[in-house]
Structures are given as C-alpha cells and as structure tokens.
Amino acid sequence: MLAHAREEDPRECVGLLLGGGSVAELALPLENVSQTPRSAYRVDPRRLLKALRQADDAGLEVLAVYHSHPGGPALPSVRDRTEAVWDTLYVIIGGATGEVRVFRLPQGEEVELDVCE
C-alpha cells in the first residue's frame with residue numbers, strides 16, 4: 001500500500017486491503033482512472049468487480065479501501081466523505097509526510113490501526 005502510494009505520486013493511488021478478521025493479508029493496487037488523478041480517484045467498475053470476485057475466490061474479504069493524498073494530509077476531503085459508499089474502513093496516506101490514518105466515512109470518525117511495511 002505504501003509502495004503503491006510512492007509509485008503513483010503525484011497521482012492518487014487507490015486499492016483494497018484484503019484479509020480475514022481484522023488482519024490485512026494483501027494490498028491489492030487498482031488503477032486510478034479518474035480524469036483528475038492528482039486530486040481524485042476512481043476505479044473502473046469492471047476491474048473492481050473482477051478484484052472482488054478474485055478476493056471472494058481466495059476466501060478474502062475487503063477490510064478497507066485505501067488511497068493517497070499526494071502533497072496533502074492524511075485526512076478525508078469533502079469529496080472522500082461524499083463519495084464514500086462502502087460500509088468499510090477508508091485508509092488515507094498523506095503524501096507530504098507518508099502518514100497513514102484510517103476513517104469510517106462519511107462520518108469522519110478516525111479509527112486506530114497498526115500499519116507495517
């Protein structure tokens with residue numbers, strides 16, 4: 001997840017954290033197809049469906065959606081809050097510092113999470 005954010009900079013990266021229970025076993029990078037990738041993310045719906053099927057076939061569940069804010073803080077933007085449609089955690093990687101924070105959106109409630117590389 002962190003390597004993906006570094007690779008995509010200055011574009012926002014996006015992906016899924018997959019696993020079982022509360023332990024993420026896999027960070028699955030997805031392509032950001034947004035027309036404004038420096039300030040927003042969007043995943044092709046067909047690619048997302050394929051990723052969800054692969055996770056299901058492997059017995060993994062979506063634990064979180066992650067994305068980066070290149071040059072910005074690890075805080076949810078107005079867009080992040082309004083476009084959050086999944087009942088899952090949202091991990092935000094701050095590009096300026098590499099800080100990682102986790103939120104329940106659209107509420108904006110921060111969740112404590114241990115992150116390791």
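The values are calculated or read from the model by the stated rules, or taken from the named source; none is laboratory data. What you see is a predicted model, and the numbers here were worked out from it, not measured in a lab. Heads up, the Cβs are rebuilt from the backbone with ideal geometry, glycines too, and the neighbour counts pull from every protein chain shown.
Take Arg42 and tell me if it is basic (Lys, Arg) and buried (at least 17 other Cβ atoms within 10 Å of the Cβ).
Spelling it out, Arg42 is indeed basic (Lys, Arg) and buried (at least 17 other Cβ atoms within 10 Å of the Cβ).
Scanning region 1-14 for residues that are hydrophobic (A, V, I, L, M, F, W, C) and buried (at least 21 other Cβ atoms within 10 Å of the Cβ) yields Met1, Ala5, Cys13, Val14.
In contact (Cβ under 8 Å) with a residue 60 or more places away in the chain, within 11 Å of the chain's Cα centre (by Cα) and surrounded by 14 or more Cβ atoms within 10 Å (Cβ to Cβ): which single residue out of Leu30, Leu17 fits that description?
After applying the criteria, what remains is Leu17.
Scan region 46-98 for residues that are surrounded by 19 or more Cβ atoms within 10 Å (Cβ to Cβ) and farther than 13 Å from Leu18 by Cβ and jot them down. Matches in region 46-98: His67, Ser68, His69, Pro70, Ala74, Pro76, Asp80, Tyr90, Ile92, Ile93, Gly95.
Among the candidates Val102, Val91, the residue that is touching a residue at least 40 places away in the same chain (Cβ under 8 Å), within 12 Å of the chain's Cα centre (by Cα) and part of a strand (DSSP E or B) is uniquely Val91.
Listed here are the residues, each with its yes/no results for (1) modelled with pLDDT under 95; (2) polar (S, T, N, Q); (3) out of contact with any strand residue (DSSP E or B) (no Cβ under 8 Å at 6 or more places or on another chain).
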{"site": "Ala3", "(1), (2), (3)": "yes, no, yes"}
{"site": "Pro10", "(1), (2), (3)": "no, no, yes"}
{"site": "Ala27", "(1), (2), (3)": "yes, no, no"}
{"site": "Ser34", "(1), (2), (3)": "no, yes, yes"}
{"site": "Val43", "(1), (2), (3)": "no, no, no"}
{"site": "Val65", "(1), (2), (3)": "no, no, no"}
{"site": "Ile93", "(1), (2), (3)": "no, no, no"}
{"site": "Gln107", "(1), (2), (3)": "yes, yes, yes"}
